[in-house]
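Some notes on the structure that comes next.
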Amino acid sequence: MQLLIIEDDRQLAQIMKQGLEREGWIVDVSNLGMEGEEKAFIHQYDAILLDLNLPDKDGIEILTFLRSENIQTPVVIISARDEIKQRALGLDVGADDYVTKPFDFLEVNARIRAVVRRFQGRANPIIMNKNLKIDPKAKRVTISGVEVLLSAKEYEILEFLAIKSPQIVTKEEISDQIYGEDADPQSSVLRVHIANLRKKTESVSGEKIIETIKGRGYRL
């Protein structure tokens, strides 16, 4: 699951990045509003943490632009306690939630995951696909009740494919989502992870779980 932080305080942004990466997120950071707006416009993030007071472009303007372009990525406002009017305005123009500084990473993580679940239309965080069951909170995968032991990246790939199912997901989309915006989609790393994921899931299921669509990508 990939997250964008738009926060001009570089030290705070890095602390947030490290804390959320420990919670399992792939995190990109922008310290300028225009840069963050461009990333949010180009890349498919699962959620965005948006500071309102940015030096080059106001956070409300960024959010208004994204919503005007029909980019519905969940946005959680990062707000100081004395910004009540701005928080309210942010919610009015399309933010999904807000957290106030200073904040606890457990709360931030829970709020982000909650807005992502709402956006995906799942009140229940459990992802089901036939006999495949994925528990994002526990990062646990079972097939017909039998647990499949996966590495962190293998789990993230499978979860992403399950969320997108039955859509076909390109190598570029997986690479961007799992390895970050600077990753090379032609790298052998993704092929190795897909091969290992297939081997582990098929050894439990006895059938193919991940389908390769030639020239297009992968599908669960």
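I'd like the trypsin sites (Lys or Arg not before Pro) in the stretch 123-170 restricted to DSSP loop residues with at most 14 other Cβ atoms within 10 Å, sorted by number.
Of the trypsin sites (Lys or Arg not before Pro), the ones in loops of the stretch 123-170 whose Cβ has at most 14 other Cβ atoms within 10 Å are LYS130, LYS137, LYS139.
Find out how many positive minus negative residues lie around ILE5, taking Lys and Arg as positive, Asp and Glu as negative, among other residues whose Cβ is under 9 Å from that of ILE5. Each step should come with its number before you reach the end.
Working: positive: LYS17; negative: GLU7, ASP28, ASP51.
Here the charged neighbours net out to -2.
Among rounded, prolate and oblate, which fits the stretch 1-52 when a ≥ b ≥ c are the square roots of the eigenvalues of its C-alpha gyration tensor, a/c under 1.5 means rounded, and a/b larger than b/c means prolate?
Here the stretch 1-52 falls in the oblate category.
For the stretch 89-140 and the stretch 1-32, what is the centre-to-centre distance using only Cα atoms, to the nearest Å?
16 Å
For the chain, restrict the atom set to alpha-carbon positions and state the Rg and Dmax in Å.
Gyration radius and largest Cα-Cα distance of the chain: 18.2, 57 Å.
Hey, any idea what % of the stretch 26-75's accessible area is carbon plus sulfur with a 1.4 Å probe?
Details: 1010 of 2000 Å².
Result for the stretch 26-75: 50 percent of the exposed heavy-atom area is carbon or sulfur.
Rolling a 1.4 Å sphere over the protein heavy atoms, what is the accessible area per residue of the stretch 1-118, to the nearest Å²? Could the numbers behind the result be given before it?
Working: 5450 Å² over 118 residues.
I get 46 Å² per residue for the stretch 1-118.
Please state the shape class of the stretch 1-118: rounded when a/c is under 1.5, otherwise prolate if a/b exceeds b/c and oblate if not, all from the C-alpha gyration tensor. Display every interim value, and only then the final one.
On the way: a/c = 1.24, a/b = 1.14, b/c = 1.08.
Verdict is rounded for the stretch 1-118.
Magnitude of the Cβ-charge dipole of the chain, K/R +1 and D/E -1, about the Cα centre, nearest 20 debye?
Details: 31 positive and 36 negative charges, 272 e Å.
For this selection, approximately 1300 debye.
Rounded, prolate or oblate, given the Cα gyration tensor of the stretch 72-117, with a/c below 1.5 counting as rounded? Let's see the in-between values first.
Details: a/c = 3.32, a/b = 1.11, b/c = 2.99.
Because a/c hits 1.5 or more and a/b fails to exceed b/c, the stretch 72-117 counts as oblate.
Which lysines have a Cα lying under 25 Å from the Cα of LYS85, excluding residues fewer than 8 positions away in the same chain?
LYS57, LYS101
Would you mind checking LYS39/LYS139; LYS39/LYS199; LYS139/LYS171 for any pair whose Cα atoms are more than 25 angstrom apart?
LYS39/LYS139; LYS39/LYS199, as the Cα separations exceed 25 Å there.
What does the accessible area of LEU20 come to, in Å² to the nearest 10, when a probe of 1.4 Å is used?
That residue has around 0 Å² of solvent-accessible surface.
Which value results for Rg/Rh of the stretch 91-176 when Rg is the Cα radius of gyration and Rh the Kirkwood radius based on the inverse mean 1/r? Show your work: numbers first, answer last.
Values: Rg = 15.1 Å, Rh = 14.8 Å.
Reported Rg/Rh, Kirkwood definition of Rh: 1.02.
Considering the chain as a Gaussian network with a 10 Å cut-off on Cα pairs, which listed residue, ALA114, ALA95, ALA195, attains the greatest mean-square fluctuation?
Top of the fluctuation ranking is ALA195.
The values are calculated or read from the model by the stated rules, or taken from the named source; none is laboratory data. Not measured: the values here are computed from a predicted model. Note that each Cβ is placed from the backbone with ideal geometry, even for glycine, and that neighbours are counted across all protein chains shown. SASA here: full protein model, heavy atoms, side chains in, ligands and nucleic acids out. Shrake-Rupley method; radii C 1.70, N 1.55, O 1.52, S 1.80 Å.
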